[in-house]
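Data block below; observations after.
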Amino acid sequence: MSVDLGIPTVRTKPIAKRRVSRQIMVGSVPVGGDAPISVQSMTTTVTADVNATLQQIAELTAAGCQIVRVAVPSQDDADALPEIAKRSPIPVIADIHFQPKYVFAAIDAGCAGVRVNPGNIKKFDDKVAEIAKAASDAGVPIRIGVNAGSLDPRFLKKYGKATPEALVESALWECSLFEEHGFRDIKISVKHHDPVVMIQAYRLLAERCDYPLHLGVTEAGPAFQGTIKSAVAFGALLAEGIGDTIRVSLSAPPVEEVKVGTQILEALGLRERGLEIVSCPSCGRAQVDVYTLAEQVQAGLSGLKMPLRVAVMGCVVNGPGEAREADLGVASGNGKGQIFVKGKVIKTVPESQIVETLIEEALRLAEEMGVDPESGEGTGPQVVVR
């Protein structure tokens, strides 16, 4: 039996066909091929503080993070890896710089992956054979992570600066060394702080190999600036089908990175949308404080995990149309709000009751659809929305 809840639910089709790439497994998470694009972040705790690191990983997991990276700059950090890798709810990647011995420590610790920076690991090329064997025996993939700020001096000298060509040549050179030893469980990143250079580098890299690519604008900046840079760069590449996993690098708590990354994927139709607020920017026609109303609605519904598009509109020009197209909406004016559910006006309430009414209707929709609003999981027979 199905219940007609109103107008059709429109699902956004992917904006472009995905680039063809090989697939690797980072723990339980497939990366590349036809696997969904995953969201990553990195802990900011001292890795040696196991409890603090696991607490932050738990917070990241709750926010939607699928793969987490931890820094390993010291022996104490390396010693903490076995417990962290064992207890983490999501795959852990060890981030290695300078000391090749920590690559082996991370593999032995059971980490799901290792990120190496060939530009600053001492005599890295000389260790490739050993690393390839250890990683292959353990089934651990390697990310070749090239950064503009720590580019291999050989390529910096050749190109004069961290150009797209320099970043790509450095990455592919290291990959070729692993390939000589039959190791191809590789993921590549070529990060730059300038979105234009970063986009050019990934486009060039995508043409020259079939390895899965991890997207990132490195040192993107504070939350607002970093969000803009990342959204522009990721949007351009993902719209061309380039990119298999992403990390938004912000000078902000890592949970914010996950939120921004998730929103980018949802906006491009590359991940099922969760809560989406459609609200007008306001103008002289508005007869309600749209800014405050939209913030209150978002805060009131923020705990819902079910896919829900909510329109918060402030005038009669676009208000009824947008509210009608959403799962749930309000068209406000003259101290009142017309409440829409699945395209139909169900009631008109005073402005003071708009937020509580929308929350009530959202919970009712969840119940009718057989969805637990807090987990997003089904609670019983599924309702077919036609």
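The values are calculated or read from the model by the stated rules, or taken from the named source; none is laboratory data. On a predicted model such as this, the values are computed, not experimentally measured, just so you know. All Cβ positions, glycine included, derive from the backbone under ideal geometry; neighbour counts span all protein chains shown. Note: accessible area is taken over every heavy atom of the protein model, side chains too, but ligands, DNA and RNA are not part of it. Shrake-Rupley method; radii C 1.70, N 1.55, O 1.52, S 1.80 Å.
Observations
- Rounded to the nearest 20 debye, dipole of the range 275-369 from Cβ charges on Lys, Arg, Asp, Glu: 240 debye
- In Å², nearest 10: area of Y159 left accessible to a 1.4 Å probe: 70 Å²
- For the chain, carbon and sulfur atoms together expose 53% of the accessible surface, with a 1.4 angstrom probe and every protein chain in place.
- To the nearest ten degrees, helix 124-138 and the longest principal axis of the Cα atoms of the chain are 60 degrees apart.
- Computed packing ranks the peptides 264-271, 198-205 as 198-205, 264-271, most packed first, by mean other Cβ atoms within 10 Å.
- Taking the C-alpha atoms only, the angle from helix 50-63 to the longest principal axis of the chain is near 40 degrees.
- Candidates I144, G160, N120 compared by Cα position along the dipole of the range 95-172: farthest toward the positive end lies G160, with charges placed on Cβ.
- Helix-only CD estimate at 222 nm, as mean residue ellipticity for the chain, using -39500 (n - 2.57) per DSSP H run (n ≥ 4): -12500 deg cm²/dmol
- Probe 1.4 Å, accessible area per residue of the chain, Å²: 45 Å²
- Given charges at beta-carbon only (K, R positive; D, E negative), |dipole| of the chain in Debye: 980 debye
- Spacing of the two label points (7 Å from each Cα toward its C-beta) at E179 and R22, in nm: 0.9 nm
- Note on surface exposure: T227, T245 rank T227, T245 by accessible area, highest first, 1.4 Å probe.
- Using alpha-carbon coordinates, inclination of helix 354-368 to the longest axis of the chain, degrees: 70 degrees
- The candidates M42, M25, arranged from most to least accessible area with a 1.4 Å probe in the full protein assembly, appear as M25, M42.
- This model, with +1 at the C-beta of Lys and Arg and -1 at the C-beta of Asp and Glu, gives the range 47-107 a dipole about its Cα centre of some 200 debye.
- The largest accessible area among C175, C315 belongs to the first residue in C315, C175, and the rest follow in falling order (1.4 Å probe, all chains).
- Among (1) 73, 42, 37; (2) 74, 62, 44; (3) 69, 47, 38, the entry that matches Cα extents along the principal axes in Å as calculated here: (1)
- Counting only protein heavy atoms and using a 1.4 Å probe, the accessible area of D95 comes to about 10 Å².
- 3J(HN,Hα) couplings calculated from phi for the range 80-93 with the Karplus curve 6.51 cos²θ - 1.76 cosθ + 1.60 (θ = phi - 60°) are, in sequence order, 7, 4, x, 5, 5, 4, 6, 9, 5, x, 10, x, 10, 10 Hz; Gly and Pro show x.
- Accessible area (Å², 1.4 Å probe, nearest 10) - H181: 100 Å²
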